[in-house]
Amino acid sequence: MEYSYLDSDQKIMDAVAVFSGKDRIAVDFEGEFNLHIYGEHLCLIQIFDGSEFYIIDPRSAGVTDKGLSAFFSTPVKKLWFDCQSDASLVYKAYGLTITGICDVRVLAETLGFHGNLKALESEYLGIENNLNKKKNQQANWLKRPIPDEQIAYALEDVAHLMELEDVLASLVHERNLDKQAASAMKRATAVKKPLPGWTRIGGWKRMTPVQRIYARHIFIARDRIAKRFNVPAARVMDKHLIPDLSTNVPLSKDRLVPRLQGVPDRFRAFVIPAVWDAIVKGNEEVRSSH
């Protein structure tokens with residue numbers, strides 16, 4: 001599959017000039033989400049303009065916020081499938097918003113379809129894709145050069161979005177669902193302030209206010225260690241330990257230590273005092289809130 005590789009601001013701006021003459025482009029991202037290193041990182045932007053494929057490499061030394069801003073702010077309609085996490089990543093990483101998004105997933109859900117992109121292509125276009133989805137989802141998109149198999153996988157995600165929009169939009173109109181789709185699209189593409197990471201802890205919604213205090217402090221302690229070592233936070237301490245320690249808080253450091261037996265030796269000397277300090281801070285905040 002041939003494509004243009006955009007690894008500088010100038011190349012991006014030249015491509016943006018081409019896109020400005022188009023009715024729409026199809027876009028998707030590949031990112032790093034605490035799988036290989038610490039944090040969330042935009043690794044690849046794949047684009048199809050109806051005739052040509054493009055890859056923007058945000059990891060290239062020649063690509064800066066200037067080039068990315070030029071692309072994200074171009075007013076051409078940008079077809080996406082499930083834009084929310086991608087838009088959130090761009091906002092968190094660069095403080096930028098993406099204009100002109102049309103989320104194809106919204107059209108599908110308006111019609112009652114709730115599957116993934118490949119299932120959607122199979123259902124409405126009769127296209128079957130044999131690329132190893134799970135393998136490529138877990139691939140390290142930070143590595144350069146990017147293997148041809150990963151590039152092919154990335155470009156496949158934008159190859160048929162225009163066809164899907166045509167089919168789905170037509171069905172939405174036929175079934176008099178235009179207003180519902182427009183309302184859902186507005187909600188899906190609205191700029192949302194990212195929620196703190198600790199709110200995504202398992203069981204957060206069921207926690208009491210006191211338990212949430214401890215969970216927040218322990219989450220922050222683990223996150224600081226992960227950032228220091230530049231590793232995914234889950235490698236420092238299993239995520240399930242946070243709600244466990246927050247709902248059954250150890251009363252002393254001696255009682256904490258056995259609860260952290262599963263922490264890798266590499267991190268134990270840092271995790272034990274950090275988590276205990278987090279619990280002490282939690283105790284202080286709980287007392288001050290009563």
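The values are calculated or read from the model by the stated rules, or taken from the named source; none is laboratory data. As the structure is a prediction and not an experimental result, all values here were calculated from the model. Note: ideal-geometry Cβ built from the backbone for every residue, glycine included; neighbour counts use all protein chains shown. The accessibility values were calculated without ligands, DNA or RNA, using every heavy atom of the protein model including side chains. Shrake-Rupley method; radii C 1.70, N 1.55, O 1.52, S 1.80 Å.
Determine which single condition ARG187 fails, assuming it passes every other condition in (1) within 30 Å of GLY262 (Cα to Cα); (2) open to solvent by 80 Å² or more (accessible area, probe 1.4 Å).
Looking at each condition in turn, ARG187 falls short on (1).
Can you name the strands (runs of 3 or more DSSP E) wholly within the range 1-104 that have at least 2 residues being open to solvent by less than 30 Å² (accessible area, probe 1.4 Å)? First the steps, then the outcome.
Values: elements: 4-6, 24-33, 40-48, 53-56, 77-80, 101-103.
Because the criterion is at least 2 residues that are open to solvent by less than 30 Å² (accessible area, probe 1.4 Å), the strands (runs of 3 or more DSSP E) in the range 1-104 that meet it are 24-33, 40-48, 53-56, 77-80, 101-103.
Would you mind listing the helices (runs of 4 or more DSSP H) fully within the range 176-247 where at least 1 residues are under 30 Å from GLY100 (Cα atoms), at pLDDT below 95 and not hydrophobic (A, V, I, L, M, F, W, C)? Spell out how you get there, then give the answer.
Numbers: elements: 178-189, 209-229, 233-236, 241-247.
Where helices (runs of 4 or more DSSP H) fall fully within the range 176-247 and carry at least 1 residues being under 30 Å from GLY100 (Cα atoms), at pLDDT below 95 and not hydrophobic (A, V, I, L, M, F, W, C), they are 178-189.
What are the pairs, 6+ residues apart or on separate chains, where a residue within the range 274-288 that is over 14 Å from ILE225 (Cα atoms) has its Cβ under 6 Å from a residue that is buried (at least 17 other Cβ atoms within 10 Å of the Cβ)?
LYS281/HIS217; GLY282/ILE213; GLY282/TYR214; GLY282/HIS217; GLU285/ILE213; VAL286/ILE213
Output the residues belonging to the range 250-279 that are open to solvent by less than 60 Å² (accessible area, probe 1.4 Å), farther than 15 Å from ALA215 by Cβ and either part of a loop (DSSP other than H, G, I, E, B) or of a type in the set (Val, Ile, Thr) (or both).
If the condition is that a residue be open to solvent by less than 60 Å² (accessible area, probe 1.4 Å), farther than 15 Å from ALA215 by Cβ and either part of a loop (DSSP other than H, G, I, E, B) or of a type in the set (Val, Ile, Thr) (or both), then SER252, VAL257, LEU260, VAL263, PRO264, VAL271, ILE272 are the ones that fit.
Being under 25 Å from GLY100 (Cα atoms) and open to solvent by 20 Å² or more (accessible area, probe 1.4 Å): is that true of LEU164 here?
On the way: under 25 Å from GLY100 (Cα atoms): yes; open to solvent by 20 Å² or more (accessible area, probe 1.4 Å): no.
No.
Given the conditions (1) touching a Gly at 6+ places or on another chain (Cβ under 9 Å); (2) free of Cβ contacts under 8 Å to residues at least 24 places away in the same chain, report the number of the one that GLY95 does not fulfil.
That leaves (1) as the condition not met.
Which residue, of ASP148, ASP157, is open to solvent by 20 Å² or more (accessible area, probe 1.4 Å) and either of a type outside the set (S, T, N, Q) or more than 27 Å from ASN34 (Cα to Cα) (or both)? Working first, answer last.
On the way: ASP157 fails: open to solvent by 20 Å² or more (accessible area, probe 1.4 Å).
Just a single option satisfies the conditions, and that option is ASP148.
Answer with yes or no whether ALA188 is under 21 Å from the mean Cα position of the chain (by Cα) and either over 27 Å from HIS290 (Cβ atoms) or without any contact (Cβ under 8 Å) to a residue 60 or more places away in the chain (or both). Talk me through it step by step, then tell me what you get.
Details: under 21 Å from the mean Cα position of the chain (by Cα): yes; either over 27 Å from HIS290 (Cβ atoms) or without any contact (Cβ under 8 Å) to a residue 60 or more places away in the chain (or both): yes.
Answer is yes for this residue.
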